[in-house]
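For reference, the structure is listed below as structure tokens.
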Amino acid sequence: MIGKAVRFARYLLRRALFPVFERIVPADDNLWCFCTWDRHWHTLDSPRAVLEALSGDPSVRSVVLQKVRSTSGEDRDTPRVKFVEAESLRGAWYLARARVVLIAYGMKGLSSYATGLTRKHIVIQLWHGIPLRRIGRLFPRETWWAAETPKYSAMVASSEKERDHLSQAFEPVPRDEIWLTGLPRNDFFLGAEQALPTDYRAHLDGLRKQLGGRRLVLYAPTWRDREEDHYQFSPEESSRLSALLRRHNAVIGVRGHSNVRHLSRYTADSAVAEIITMNHIPDVNVIMRETAVLVTDYSSIYLDFVLTGRPILHFTYDFDTYLKNRVGFFYELDEAFAGPRLLTFDQLLEHLDRALGGGVEDAQQYRHVRDLFHAHPAGSGPAVAGRIRDLVQRKNGG
């Protein structure tokens, strides 16, 4: 009975009281709210990189709106960062007062109150990678984007072509407010190790211990609508893959997309020592620091990894059916892929042997993809933080 009363009170607050409260409470220019992901206590990815870029600015007070608490007590408030339950009254209070709100997916994922935000807030949509497929208002299954995108103040992009796509997908965000800074999250695998936040350095140390001096092949496929459509190595394939990896003093780390990471194939330990899971590290950008070869499919993770200059293989075993069932791509894939498109396990094994033994196969295509998707300077996190400060001043007539 008490649980029902609490849920009803929150529903009433969210639907009736918060919109009124949000309009009455003045916004604080120096209060910035950050999103979190479903299974982690801290913000990650590009929002985390922006938060870290604010470490030298004592004027900004950051609030991380949590979906879950840390089980080890790491989420202790500091002078510059507060951790607040997203669905609590306190979370609603901070969200209503924040001038700047940073997200990397839909606003309803930030908290249930976020859909009630108005244009008094500066909502920065950082997204979660360079989009390869159609997203936002160009994705016909998700009709709710039409009500959300008018609340956005700015976005980030890595190339002029991406700015064009984002201006269509997230209309009416002005193209001039789609900043050509690159993705802040890239700082985590391109920047100096000593610049990583403390928890990221701990994750990196744990990864290195797990690898034990072996090279890492990261297998990071995108998700499919049906579980049976996700590729799983057969015992015979696992044995052959294991032999190849041993020859190159390597392991393959399997990391599922966040939508399907809970499936047993991404959590269960493999019987083969050279096949390990990579889901225990919250931010994949830490893993990419140690990755020698990336194996993926249509996932846009490779568009970040191309900045490293290391080999990329596209294992597209379901190429025809995937393209038929998924919404369209922004690019012709043969132009956009940075490595060979492989349809069978035998092809994967052959090209993985080459990649571990000799590096990138087609350097010209690789450079073409890097130049196609990246036309921005380094240091994206500080650049985005600076742009947001400027936008706050402009909104205030400064």
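A straight chain from R394 to A147 at 0.36 nm per residue would run longer than the Cα-Cα distance by 86.5 nm. Scalar couplings 3J(HN,Hα) for region 355-368, obtained by applying the Karplus form with A = 6.51, B = -1.76, C = 1.60 to θ = phi - 60°, are 5, 6, x, x, x, 5, 6, 10, 5, 5, 5, 4, 5, 4 Hz; x denotes Gly and Pro.
Remark: spin-label model distance E193-D353 equals 3.3 nm, labels positioned 7 Å along the Cα→Cβ axis.
Can you find, among H374, V293, G358, the residue farthest towards the positive end of the dipole of region 287-380? Put +1 on the C-beta of Lys and Arg, -1 on that of Asp and Glu. Going by the Cα projections, it comes out as H374.
Dividing the summed -39500 (n - 2.57) terms of all DSSP H runs of n ≥ 4 by the residue count of the chain sets its mean residue ellipticity at 222 nm at -10500 deg cm²/dmol. Take every pair of alpha-carbon atoms less than 8 Å apart whose residues are at least six positions apart; their mean separation over the length of the chain yields a relative contact order of 16 percent. Note on D346 and H280: their simple-model spin labels are 3.7 nm apart, each label 7 Å out from Cα toward Cβ. Under a 5 Å amide H cut-off, with hydrogens placed 1.01 Å from N, L44 pairs with W37 among residues at least 5 apart or on other chains. Between the C-alpha center of region 125-190 and that of region 78-115 there is a gap of 21 Å.
The listed peptides 137-143, 199-205, 40-46, ordered by packing as a protection proxy, come out as 40-46, 199-205, 137-143 (highest mean of other Cβ atoms within 10 Å first).
Working note: Karplus 6.51/-1.76/1.60 with θ = phi - 60° gives region 36-46 the couplings 10, 9, 4, 10, 9, 7, 10, 5, 10, 6, 5 Hz, where Gly and Pro are set to x. Using the alpha-carbon atoms, what tilt in degrees (0 to 90, nearest 10) does helix 235-247 show relative to the longest principal axis of the chain? That works out to roughly 80 degrees. Helix 2-12 and the longest principal axis of the C-alpha atoms of the chain enclose an angle of approximately 70°. At an R0 of 30 angstrom, the distance between the Cβ atoms of F329 and Y231 translates into a FRET efficiency of 0.90. Here the extension length gained between R23 and Q210 equals 62.3 nm, from 0.36 nm per residue of separation less the Cα-Cα distance. Applying a threshold of 27 Å to the alpha-carbon distances of K67/K151; K82/K108; K67/K395; K67/K120; K82/K395; K161/K324 flags K67/K395 as lying beyond it. On the basis of the beta-carbon distance and an R0 of 35 Å, R175 and T118 show a calculated FRET efficiency of 0.95.
Just so you know, all these numbers are worked out from the coordinates, no wet-lab data involved. The structure displayed is predicted, hence computed values, not measured ones. So basically every Cβ, Gly included, is an ideal-geometry build from the backbone, and we count neighbours across all protein chains shown.
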